[in-house]
Every structure is written in structure tokens, then in C-alpha cells.
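Asks: If you scroll down you'll find the structure; I have some questions about it.
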Amino acid sequence: MKRLATIVLSLMVLGLSGCVKELAPFDHQKQLEIDKQKIEKYVNDNQLPMMMHENSGIYYMIITEPINEGGLGNYIYRFTDATKTYVETPIVTIKYKGKLLDGTVFDENTTGLRYNLAGLIKAWQMIVLPSAIDGITIGGITQNGLQAGYKVRFITPSYWAYQNNAQGTIPANSPLEFEIEVVKIEPPVQ
């Protein structure tokens, strides 16, 4: 009897497994296009004076630029070695607010948290890093990269954030809006 039950159960499992549909591979490009449409509508509906970075679909605006007298305090963006393959990712101290496009705040810090830029989502890296170093394209949004004192507001497609993965209170495939203030930028600890 036990043997018959095991055989029947095995046949049921095999039969049901044939009914399970295989999930289609996630199409990042399609989601990027969906996100771009959502972001463009949000920007237009809210009459935000933002520019779109053509290669990434990130919309951004500089709220405040630092006042630099004599260039003091500027961080120098550079490569890690002579091969010019890897960008040195600085330690950044940033105040920020992150929101979903429906206005829900999912994270905020008003005192300034210290991070290695390499450990943050790709959108933050693209916002902070320059577009090029020594004539080599890096992919950042601003020409010279951010310095301490910058305040920037940007909206990123999910592709440059958490993609199709939910993260805490952030649903999968969510475009995200951030307002950040760069408090300090310093070289990484060697």
C-alpha cells in the first residue's frame, strides 16, 4: 500500500511539473522603456525643470552648486592605476531622501551617511562620477562629477537601481526619485 501511494504521488508530481510554465527571461530593455515613459510623465505632470541624460534615461537637475574659491576642496577623480580600466570610487558623505514616484518616502538621512560610492546603486555612481576622466568615457551624468556642496535631484529608471528585485518597501521595477546633498568626498581608504 505504501509503495502504491509513493508511485501515485510521484506520478502526480511529474504530471503537475509539466503544467508549470517556464518564466520568460526578464527583459531589461523593455522595462527601461516602460520606466522612461513613467518618468517622463511624472516630470511633465509635475513641471519639473529636469534634463534627461540620453544614455541612461536618468532625469536630473542641479539644485545647488558649491562655491569654490580658488578651487580649494575639490575632489580629483582618477583611475586606480595606469591601465585606466577602473575608476577610483571615492568615499562620499551624503544627506538624501529617496521616494517612489507616488511620493512615498522609503529612506531618508538628514545628518549625512558615509559610503564607498562603489557600494551604492548604479544611479548614484552615475550622478556622482564625472562623464569622463582624461578623455576616457566613464558614463557619469555631469561633466566634472560632483563635489562637496552639490545638491542634486534625480529620477532613475529601475534598471539603474534595484531592477526587478523588491527591496524593503521598494517594489520591483520601481523608478526612484532622490534628492541628495554631497557633504564630503574623500579618497578611498587604501
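Asks: Taking into account only those residues within the stretch 72-104 that are open to solvent by 80 Å² or more (accessible area, probe 1.4 Å) and closer than 20 Å to Val152 by Cα, which is modelled with the lowest pLDDT?
Replies: Ile76
Asks: Contact list please: Cβ distance under 8 Å, first residue in the stretch 40-69 and closer than 14 Å to Phe154 by Cβ, second residue surrounded by fewer than 11 Cβ atoms within 10 Å (Cβ to Cβ), pairs at least six apart or on different chains.
Replies: If the second residue must be surrounded by fewer than 11 Cβ atoms within 10 Å (Cβ to Cβ), the pairs left are Met61/Pro49.
Asks: Something else now. In the stretch 126-168, what count of residues is obtained for those that are farther than 20 Å from Val182 by Cα, of a type in the set (Gly, Ala, Ser) and surrounded by fewer than 22 Cβ atoms within 10 Å (Cβ to Cβ)?
Replies: 3
Asks: Let me ask something else. For the stretch 75-190, list the strands (runs of 3 or more DSSP E) that sit wholly inside it and hold at least 1 residues that are under 18 Å from Leu32 (Cβ atoms) and aliphatic (A, V, I, L, M); which are they?
Replies: 91-100, 151-156, 176-186
Asks: I would also like to ask the following. Mind checking which residues of the stretch 32-71 are assigned to a loop (DSSP other than H, G, I, E, B), at pLDDT below 95 and surrounded by 16 or more Cβ atoms within 10 Å (Cβ to Cβ)?
Replies: Once the filter is applied, which keeps residues that are assigned to a loop (DSSP other than H, G, I, E, B), at pLDDT below 95 and surrounded by 16 or more Cβ atoms within 10 Å (Cβ to Cβ), the stretch 32-71 yields His53, Ser56, Gly57.
The values are calculated or read from the model by the stated rules, or taken from the named source; none is laboratory data. None of these values were measured; they are calculated from a predicted model. No Cβ is skipped: glycine too gets one built from the backbone with ideal geometry, and neighbour counts run over all protein chains shown. Accessible surface is based on the protein model in full, side chains and every heavy atom, while ligands, DNA and RNA are left aside. Shrake-Rupley method; radii C 1.70, N 1.55, O 1.52, S 1.80 Å.
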